[in-house]
Amino acid sequence: MSNATLVAPVTNTATPSINTQVTSAVVATVKTSKSTAKNKSVVSNDSFKKQTLTTLKNLVSQREKWETTVYRKSNEMLYGILQNCFAVNHAMLGNDKEAKERRSALNQFIEQKNYRFTESTPVITKVVKCVFGVDRRRVSAYSLVLREAVKQSVLLKDLPKWIEANGGVEQIRLSKGKNAKTPKQKAQAAQKAMAKADVLCVAKSRSLSKLADVDMEGKDCVLLATQQADGTFAIRALVRSKGAVNAALVSYLSQSKSTTEDDNKKKTAANDSKMRQKAIDQAAA
């Protein structure tokens, strides 16, 4: 039987094993990677912050430049066009030959464009639509501004300054919208105005008496009449529909205001005549 000697494995505690070295290297690499990523993140965040601040400052500068150049010039051009529309509307007022010919030209233009309006559509709205096309929002806003200018008796030469002083087209539109009256309110205002007006005549006939209703005493109605060659009016129907009566009252109120405005315009016609013709010539050019 042979003798066998068992030799214990020798372990060198002074030198790390291969596995230990690899593990340490991996841990060190991970720590270094995390530290580098964190530093990059800080740099990126600072860069984005500076970039955004710089962008915002540049945009403010662009806005200021736009307001003082392009935007201002654009508004000045718009106000100039509206001023010319205002002048064309002025030129169509009255019953003289010139005004009638100008209205005839407007109607011809409307027919060529195939535009449609109601009988109550103001002339100024027709002019605005002919100039600015079928964009309802723009036509409505510009027409409202010009009608408000008429209401306030703004002189033709002062229109651009008046629009600018009141905050521009949109501001005038919004402020006017807040004060706008409902059809019912307009009808009530018309009733008060009509109560103060002179009675043109008292119509009485056997046929009309048959249509009289005791319960309707003191209430408004609409008499449909046709003007005849001799200047008389042939009454053909009596309408009590609330909608028809209110519509007639609103139309009456509008007509009354238009008459007052015409009187005011005549007072300033001498001052506006030269400016009006100049604006029309510029628009034609």
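What to note about this one:
- Residue count for the range 92-116 satisfying the condition of being of a type outside the set (A, V, I, L, M, F, W, C) and touching a residue at least 24 places away in the same chain (Cβ under 8 Å): 1.
- Restricting the range 211-229 to residues that are without any contact (Cβ under 8 Å) to a residue 24 or more places away in the chain and within 10 Å of R240 (Cα to Cα), the residue that is surrounded by the fewest Cβ atoms within 10 Å (Cβ to Cβ): K219
- Elements of the type helices (runs of 4 or more DSSP H) sitting completely within the range 1-113 and holding at least 3 residues that are at pLDDT 90 or above and loosely packed, with under 10 Cβ neighbours inside 10 Å: these cover 97-113.
- Matching residues, the range 234-248, being free of Cβ contacts under 8 Å to residues at least 40 places away in the same chain and touching a helix residue (DSSP H, G or I) at 6+ places or on another chain (Cβ under 6 Å): L238
- Remark: pairs (first residue in the range 189-210, closer than 16 Å to F233 by Cβ; second residue surrounded by 10 or more Cβ atoms within 10 Å (Cβ to Cβ) and of a type in the set (F, W, Y); Cβ separation under 9 Å; 6+ apart in sequence or on different chains) = C201/F233; A203/F233.
The values are calculated or read from the model by the stated rules, or taken from the named source; none is laboratory data. Every value quoted in this text rests on a predicted model; they were computed, and no experiment measured them. Cβ coordinates were reconstructed from backbone atoms using ideal geometry, including for glycine residues, and neighbour counts include every protein chain displayed.
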